[in-house]
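Quick note: the coordinates plus some simple rules give every number you see, no bench work behind them. Not measured: the values here are computed from a predicted model. Note that we place each Cβ from the backbone using ideal geometry, even for glycine, and neighbour counts take in every protein chain shown.
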Amino acid sequence: MTQDHPIYHLKNIRHYYGQKKILDIDDLDIRSGSITGLMGPNGSGKSTLLKMLAFALKPTKGRIFYKGREESGFSPEVRLKVTLLTQKPYLLKRTVFDNIIYGLKIRNDHHNLEERVKTALSKVGLDFQTFSHRKWHQLSGGEAQRVALAARLILKPEVLLLDEPIASVDTKSAELIRAASLKARDDWGTTLVIASHDLQWLYSITENQVSIFNGNLFPTGIETIITGPFEKTGDHRCVKKLTGGQALLLKAPGQNEENAVVRKENIRIESLEQPFKDGINRMSGHISAMLLERESNHVLVTVLVQDLSFVLKLSPDRIGSLGLYPGKTITLGFLPEDVEWF
Amino acid sequence: MDFIAEGFVKAVGLLINGDSSIWSAVLATLKVSACSLLISTGAGLPCGFMVGYFDFKGKKQLRTVLDTLLALPTVFIGLMVYAFISRQGILGDFGLLFNLSGIVIGLTILAFPVVTAITASTIEGIDPELKLTLVSLGAGKRHILFTCLWEVRYGILTAIVNAYGRVSTEVGIAMMIGGNIKYHTRTITTAIALETNKGMFADGIALGLVLITIAFLVNLSLSFLRKQ
């Protein structure tokens, strides 16, 4: 289903709210028909990026190409093909039926509306007879979220952008949203970009993941971010002290660089067969989560070291040989030179 | 206080018997208030939408001017309109003075800031997610305008009712521009003022009852629309 050519190409995107930089993306390609996961803490820039991809927000600087053509937003070429489901979707003050057909009416498409609304509602697990005549205020949070998704699915969009679609829904609704989104991709080749804090859910639906921290994009997915304060040691090194007394030695940052990232591949696990040598940062922590990455069939292991989460990517065989399980205490390490600053 | 009770009884009689001078004033009031409301709403809604929806340089100052115009004294409007439409004024040739059309101009000036300012406030209070939702569903500028206005229809109705309240109860403009001419430019409010001065309480109360009934009917129809 995924095609090689990018449906989106973002080039040198910079976005500011006042003086504050919200997004700083040099390059981002999103392949047509792919399902991309977007993750990062609150305020990292995920929603801003989704609004830009929906052409509802113009970046302060930079260019966005859609299907190879530069778009500045609001042109019918993209407006009618890309749709965004926001975190708290707004339902118009009318019935569920009228909410769902709103997008079709805009497109002057009045063909077989009832049947299409029935199909759209069934995709999100809602019964037409029960819900179509309900008013916007007669729905629960999860039902409203699913109605809003149905209003987008009925449009058969080329791109469906979902911002925290399961933030306020129960497990059943989350599964329905997952199934409906996947079906949209499988049936119509819809490109999906999904932002979510629920990593387990996100990894269960997405093929590739990018993470955002302070507006900076990491195309390799979730990574270990070390934030300040740092203490300079004078030998082109600095120290990050963790709350429990452990200290990490890092190479010194460059100018205007405030945060450090340690890539998954640079974090090692100490074992009897492979004891750490001198000069490596040694940290003890316990495994807090293990996630299966669908595409690579590898496992993402999150290790909590005091207040810092380290993420490693291991094969299932390695997990088995090391006997890793959530809650187990292990020793991690990385070299001071292995950090990158941004 | 018996004269008030007597006045009520007489007033009902006057209304039932269809006193021509009273019903002429009622008709004149309905004409000028409907026309001025129609014009001020037609112009005020899009203006209010633009002021409330868009961010532009000088928006704060414009809002201050609009809010100030809400409290514009009616006699001042009457004076200014009089100056423009009197024989020496630049619109003197149109014969608007002592005419219902002249009153409509004055009342429109009175109602326009009410409709515009309340519409702007209502639009400013719109959930920011609404615009994003409309854009993300593919709405163009025209659809955004009409859908936003429809979403805040109760707020818009409040603006119109407020404007109606001002124009239907207004005395200064109707008196100065209309001249309170019987069977011609006499409105309910100018008639009440005149009849009270003459000590004809029954006529005044009859007209007052009509005014209250109109206001009640307007609010009743609004409540009905809200329930829809």
To the nearest µm²/s, what D does Stokes-Einstein give for segment A:6-218 at 25 °C and 0.890 mPa s, using the Kirkwood radius over alpha carbon pairs as Rh? 140 µm²/s
Kindly state, as a whole number, the per residue volume in cubic angstrom of the convex hull around the alpha carbon atoms of segment A:186-232. 105 Å³
Please express the shape of segment B:28-75 as an equivalent ellipsoid: the semi-axes are the square roots of 5 times the eigenvalues of the C-alpha gyration tensor, given largest first in whole angstrom. 26, 15, 5
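I need the shape label for segment B:36-114. Rule: rounded when a/c is under 1.5, else prolate if a/b > b/c, else oblate, with a, b, c from the alpha carbon gyration tensor. Provide the component values of the computation, followed by the final result.
Working: a/c = 2.53, a/b = 2.05, b/c = 1.23.
Verdict is prolate for segment B:36-114.
Can you figure out the FRET efficiency of residue A:231 with residue A:321, using R₀ = 41 Å and their beta-carbon distance, to the nearest 0.05? Each step should come with its number before you reach the end.
Values: r = 38 Å, r/R0 = 0.92.
Given R0 = 41 Å and the Cβ-Cβ separation, E is 0.65.
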Which shape class applies to segment A:207-342: rounded if a/c is under 1.5, otherwise prolate when a/b exceeds b/c and oblate if not, where a ≥ b ≥ c are the square roots of the Cα gyration tensor eigenvalues? oblate
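Using the Cα centre of the protein assembly as shown as the reference point, and only Cβ charges (+1 on K/R, -1 on D/E), how large is the resulting charge dipole? Debye, rounded to the nearest 20. Display every interim value, and only then the final one.
Values: 62 positive and 52 negative charges, 187 e Å.
For this selection, approximately 900 debye.
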For the charge dipole of segment B:85-223, defined by +1 on Lys and Arg C-beta atoms and -1 on Asp and Glu C-beta atoms about the Cα centroid, which residue among B:103, B:147, B:183 has the Cα displaced farthest towards the positive pole? B:183
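At 0.36 nm per residue, minus the direct Cα-Cα distance, what do residue A:306 and residue A:14 gain on full extension? Give it in nm, one decimal, please. Provide the component values of the computation, followed by the final result.
Working: separation 292, 0.36 × 292 = 105.12 nm, distance 3.36 nm.
Extra length from residue A:306 to residue A:14 when fully extended: 101.8 nm.
What is the extension gain from residue A:252 to residue A:113, computed as 0.36 nm multiplied by their sequence separation minus the C-alpha to C-alpha distance, in nm to one decimal?
43.8 nm
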Using 7 Å Cα-to-Cβ label points, what is the residue A:179/residue B:153 separation (nm, one decimal)? 3.6 nm
Among all the aspartates and glutamates, which ones have a C-alpha under 14 Å from residue A:88's C-alpha, if same-chain residues fewer than 8 places away are not counted? A:143, A:163, A:164, B:127, B:129
Do any of A:93/B:31; A:61/A:135; A:81/A:172 go past 32 Å between their Cα atoms, and which? A:93/B:31; A:61/A:135
Search the structure for amide H atoms under 5 Å from the amide H of residue A:162, placed 1.01 Å from N in the peptide plane, and list their residues when 5 or more places away or on another chain. A:85, A:193, A:194, A:195
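Rg to Rh ratio, segment B:21-227, alpha-carbon atoms and Kirkwood radius?
1.05
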3J(HN,Hα) from dihedral phi, segment A:242-254, Karplus parametrisation 6.51/-1.76/1.60, rounded to Hz, x for glycine, proline: 8, 4, x, x, 5, 10, 10, 9, 10, 5, 5, x, x
Proximal charge balance of residue A:271 [Cβ under 15 Å; K/R count +1, D/E count -1]: +2
Per-residue ³J(HN,Hα) for segment A:284-291, Karplus 6.51 cos²θ - 1.76 cosθ + 1.60, θ = phi - 60°, Hz, x for Gly and Pro: 10, x, 10, 6, 9, 7, 9, 10
Out of A:142, A:43, A:76, whose Cα points farthest toward the positive end of the dipole of segment A:6-218 (charges: +1 Lys, Arg; -1 Asp, Glu; placed on Cβ)? A:76
Name the residue from A:301, A:341, A:324 whose Cα lies farthest towards the positive end of the charge dipole of segment A:289-342, charges +1 on Cβ of Lys and Arg and -1 on Cβ of Asp and Glu. A:324
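Given only helices, namely DSSP H runs of n ≥ 4 each adding -39500 (n - 2.57), what is the per-residue ellipticity at 222 nm of chain B, to the nearest 500 deg cm²/dmol?
Details: 10 runs with 172 residues, N = 228.
Here the helix-only value at 222 nm equals -25500 deg cm²/dmol.
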Whole-Hz ³J(HN,Hα) for each residue in segment B:91-101, computed from phi via Karplus 6.51 cos²θ - 1.76 cosθ + 1.60 with θ = phi - 60°, x for glycine and proline: what do you get? 9, x, 6, 7, x, 8, 5, 6, 9, 4, 4
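Under the classification rounded if a/c is under 1.5, otherwise prolate if a/b is larger than b/c and oblate if not, where does segment A:90-134 fall, given a ≥ b ≥ c as square roots of the Cα gyration tensor eigenvalues?
On the way: a/c = 1.94, a/b = 1.23, b/c = 1.58.
Oblate shape, in that a/c is at least 1.5 and b/c is the bigger or equal ratio.
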Charge dipole (debye, nearest 20) of chain B; +1 at Cβ of Lys and Arg, -1 at Cβ of Asp and Glu: 520 debye
Debye equation applied to the C-alpha atoms of the protein assembly as shown, log10 I(q)/I(0) at 0.08, 0.11, 0.12 Å⁻¹: -0.73, -1.04, -1.14
For chain A, what does the helix formula give at 222 nm: sum of -39500 (n - 2.57) over DSSP H segments with n ≥ 4, over the residue count, nearest 500 deg cm²/dmol? -7000 deg cm²/dmol
Using a Gaussian network for chain B with springs between C-alpha atoms less than 10 Å apart, which of these wobbles most: B:197, B:180, B:99? B:197
